[in-house]
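S.K.: Sharing a structure with you now.
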Amino acid sequence: MAEKKPARMSDADLKFFEEMLLEKRRQLVTAQSESEKANVFQGQKAQAGDGADSDSADSATDYNSLETNFSLAAREGKYLVYLEEALTRIRKGTFGVCKVCQELIPKARLIAVPTATKCVNCKEETKKKEQENNRIEMAKLFAEEQRKEMMRKNAGR
Ligand SMILES: [Zn+2]
């Protein structure tokens, strides 16, 4: 009995998505080096204002924008990892195959989300399971709170 051939995208499609991912990565890296430049600028400004008259409101603003830049960089960094992983999957030929059901992910979805590793159905399933788990966690927390409340009431008697 012949084994079922695993789903695989055509070479032309893989090539198409590889170019798309490479372009996205290029854009991201450019954007990152620009936000680094912005950080350097922030640093210079902070040094220039390093006097006794430095305004606390000003430094709070600087801190906030620095923090924004940082979380932005972290998010971009994570996305860059996803892009790299997608490029690895292209090289292996597993790109565009749902990692749960092993079926091809529709191209329209990949064009919208080229880093997707699951088809919409499986993603919804995962989300439902997560929500179910969250509900169970919440119910446990609630029961625990009620138990504590009972103990407080009993102790106060
Ligand atoms: Zn699937």
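The values are calculated or read from the model by the stated rules, or taken from the named source; none is laboratory data. Note that the structure is a prediction, hence the values are computed from the model and not measured. Note that each Cβ is placed from the backbone with ideal geometry, even for glycine, and that neighbours are counted across all protein chains shown.
S.K.: Cβ-Cβ under 9 Å, sequence separation 6+ or interchain: first residue in the stretch 132-145 and touching a residue at least 24 places away in the same chain (Cβ under 8 Å), partner in a helix (DSSP H, G or I). Which pairs?
M.R.: none
S.K.: Go through (1) within 23 Å of R8 (Cα to Cα); (2) within 16 Å of the ligand (Cβ to nearest atom) for K129 and report which single condition fails.
M.R.: The number of the failed condition is (1).
S.K.: Return the residue satisfying two criteria in turn: it lies in the stretch 78-99 and is closer than 18 Å to K15 by Cβ and not in a helix (DSSP H, G or I), and of such residues it is farthest from the ligand (Cβ to nearest atom).
M.R.: Looking at the filtered set, the residue picked out is G93.
S.K.: Quick one: is C119 within 16 Å of the ligand (Cβ to nearest atom), touching an Asp or Glu at 6+ places or on another chain (Cβ under 7 Å) and under 18 Å from P6 (Cβ atoms)?
M.R.: yes
S.K.: Next question. Considering the stretch 1-24 alone, what residues qualify as being modelled with pLDDT under 95 and of a type in the set (A, V, I, L, M, F, W, C)?
M.R.: M1, A2, A7
S.K.: Output yes when any residue across the stretch 104-114 is surrounded by 10 or more Cβ atoms within 10 Å (Cβ to Cβ), in contact with a strand residue (DSSP E or B) (Cβ under 8 Å, 6 or more places away or on another chain) and not aromatic (F, W, Y), and no when none is.
M.R.: yes
S.K.: Filter the stretch 100-114 down to the residues that are under 15 Å from M20 (Cα atoms), in a loop (DSSP other than H, G, I, E, B) and touching a residue at least 40 places away in the same chain (Cβ under 8 Å) and list them by number.
M.R.: P114, the sole residue that qualifies.
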